[in-house]
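The structure appears below as structure tokens.
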Amino acid sequence: MKRSVRMTLLGAGAFLLFIVLSVSIQRWIVYPQFELLEKQDLQRSTDALIAAYNREAQSLAEFLADYAEWDDTWAFVEDANPVFLTSNFAPASFQRDNFHCVWILAADGRVLYRATYNFEQDSLEEIFADAGERILEGHPFLQPLSGQSMRGLLPQAGGITLVAAHPILT
């Protein structure tokens, strides 16, 4: 066999060996390490997301409990005093406390007051008890009527919303 053919075959064999070793190292050493790093990063991100959700949900629940355990809120449920609404749920309140929706329900599920604040348009949409709106039996928002608070995520057309509910206490 000619020397040039042997050198070509030797070069081609070395190149093929290099490719096989390179692919093997990537497949059995490098790739599993990247996969492990990816899983660890995903776990850290998930833990951070869960911690952020828990902080925000806890903050909302505490904020809501302050309103629900307030004597003025109980008085509003009893007498529907509009002064309570104007002093507590003006647009400035929604902006200051960074919430966009409030519902006050009677024990039978009637909506006594519902307001939604639109931050982009700086507008407040209100629905009062005389509208006859009612929450259906079994709805999660009625869970606090049994004395338990609730909080969670509510899927909506534009995304998800963090919600909380708390019984109004005397």
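The values are calculated or read from the model by the stated rules, or taken from the named source; none is laboratory data. Not measured: the values here are computed from a predicted model. Cβ: placed from backbone, ideal geometry, glycine included. Neighbour counts: every protein chain shown. Accessible surface is based on the protein model in full, side chains and every heavy atom, while ligands, DNA and RNA are left aside. Shrake-Rupley method; radii C 1.70, N 1.55, O 1.52, S 1.80 Å.
Rounded to the nearest 20 debye, the dipole magnitude of the chain is 2240 debye, with +1 charges on Lys and Arg beta carbons, -1 on Asp and Glu beta carbons, and the Cα centre as origin. Accessible surface of F89, taken over heavy atoms with a 1.4 Å probe and every protein chain present, rounds to 10 Å². Ranking V102, L42, F141 by how far each Cα lies toward the positive end of the dipole of the chain (charges on Cβ) leaves L42 at the top. Here is the list for region 51-135: GluC sites (Glu not before Pro) lying in DSSP coil, each with at most 13 other C-beta atoms within 10 angstrom of its C-beta, are E120. Taking the C-alpha atoms only, the angle from helix 3-25 to the longest principal axis of the chain is near 20 degrees. For the set M7, M150, solvent exposure ranked by accessible area (probe 1.4 Å, protein chains only) runs largest to smallest as M7, M150. The trypsin sites (Lys or Arg not before Pro) of region 1-72 meeting both criteria, a DSSP state outside H, G, I, E and B (loop) and at most 10 other C-beta atoms within 10 angstrom of the site's C-beta, are K2.
Pair-distance distribution of the chain: all C-alpha pairs, bin width 5 Å, starting at 0; shares per bin in whole percent are 1, 7, 11, 14, 14, 9, 5, 4, 4, 3, 3, 4, 3, 3, 3, 3, 2, 2, 2, 1, 0, 0.
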